[in-house]
1. Among the residues of the stretch 187-218, which ones are within 17 Å of Leu150 (Cβ to Cβ) and in a loop (DSSP other than H, G, I, E, B)?
2. Pairs, please: C-beta under 7 Å, at least 6 apart or cross-chain, first residue assigned to a strand (DSSP E or B) and in the stretch 37-57, second among the small types (Gly, Ala, Ser) and at pLDDT 95 or above?
3. Somewhere in the stretch 125-136, is a residue buried (at least 24 other Cβ atoms within 10 Å of the Cβ), hydrophobic (A, V, I, L, M, F, W, C) and more than 12 Å from the chain's Cα centre (by Cα)?
4. Could you count how many residues in the stretch 202-222 are at pLDDT below 90 and β-branched (Val, Ile, Thr)?
5. Among the residues of the stretch 90-114, count how many are closer than 18 Å to Ile143 by Cβ and not aliphatic (A, V, I, L, M).
6. Given the conditions (1) buried (at least 20 other Cβ atoms within 10 Å of the Cβ); (2) of a type in the set (S, T, N, Q); (3) modelled with pLDDT of 95 or more, report the number of the one that Ser199 does not fulfil.
7. Please specify each residue of the stretch 105-122 satisfying the condition of being closer than 20 Å to Lys59 by Cβ and either surrounded by fewer than 24 Cβ atoms within 10 Å (Cβ to Cβ) or β-branched (Val, Ile, Thr) (or both).
Amino acid sequence: MLTWHTFYLTVMNNNKINSSSLPKNLSKPASFKLIDEEEYENLEINGYNFNNSPFTSLKFKDCLIRNCNLSQLKVTDLSLTNVKIENCDLANLESEGLYLKKTDFEKCRMTGFLATEGILSESRFINCQLNFSRFRFAKLKHIKFNNCLLCESDFYSSELLNVIFIQCDLMKAEMSKTKHNETDLRTSNITNLGINIESLKGITISYSQVIDLTWLLGVNIK
């Protein structure tokens, strides 16, 4: 019998997800304001209310962002490389050209987060609220969602490679026309998951979750 402890160790040993590793001496600006098409590096940004004006491009590298309000932010191209984002409000943030690499989101409110056509790799979402988030047509590679709320989230026509959902709520999430390779849903709630038969290929589920997908066969189990 697969225990939670065994499953957790197996996942940690086999996947290629690397957490962010920040430099030790980050600069702490006395004041901070976003400037369009600017690149920010080696910063600790704490407690700021980010301007929600539309931006063309913003890049962050080797940064710690905590206790900040980024809700309603609209950035055409948002790049986050080796960034840690803690306890921030990113509700309804929009970026159709999102690029993530080795970035961690922890305890963040991300309801309605929009990352359509984004490229996400080697990143983690931990204890985040991601209900109604949209990852349509995005490419997700080596991503971990751990204890996240993803009700009615949208992964329509996205590509998932080694994406692991641990203890997540995916009720009414949309995964139709997705392409999967080593997607793991075994410990998550997939009640009323929107998916087509072709998109089941490459997904791992538990025996107890089979009942949640029998509607695809058009049969009744009594």
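1. Matches in the stretch 187-218: Thr187, Ser188, Ile190, Thr191, Asn192, Leu193, Ile195, Ile205.
2. Pairs found: none.
3. no
4. So the answer is 5.
5. Result for the stretch 90-114: 12.
6. The number of the failed condition is (3).
7. Leu114, Thr116, Glu117, Gly118, Ile119, Leu120, Ser121, Glu122
Condition check ((1) free of Cβ contacts under 8 Å to residues at least 12 places away in the same chain; (2) out of contact with any strand residue (DSSP E or B) (no Cβ under 7 Å at 6 or more places or on another chain); (3) in a strand (DSSP E or B); (4) closer than 19 Å to Leu170 by Cα) across all residues:
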{"position": "Glu96", "(1), (2), (3), (4)": "no, no, no, no"}
{"position": "Leu100", "(1), (2), (3), (4)": "no, no, yes, no"}
{"position": "Thr116", "(1), (2), (3), (4)": "no, no, no, yes"}
{"position": "Arg124", "(1), (2), (3), (4)": "no, no, yes, yes"}
{"position": "Ile143", "(1), (2), (3), (4)": "no, no, yes, yes"}
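The values are calculated or read from the model by the stated rules, or taken from the named source; none is laboratory data. Predicted, not measured: the structure shown is a model, and the values here were computed from it. Positions of Cβ are backbone-derived with ideal geometry, glycine not excepted, and every protein chain shown enters the neighbour counts.
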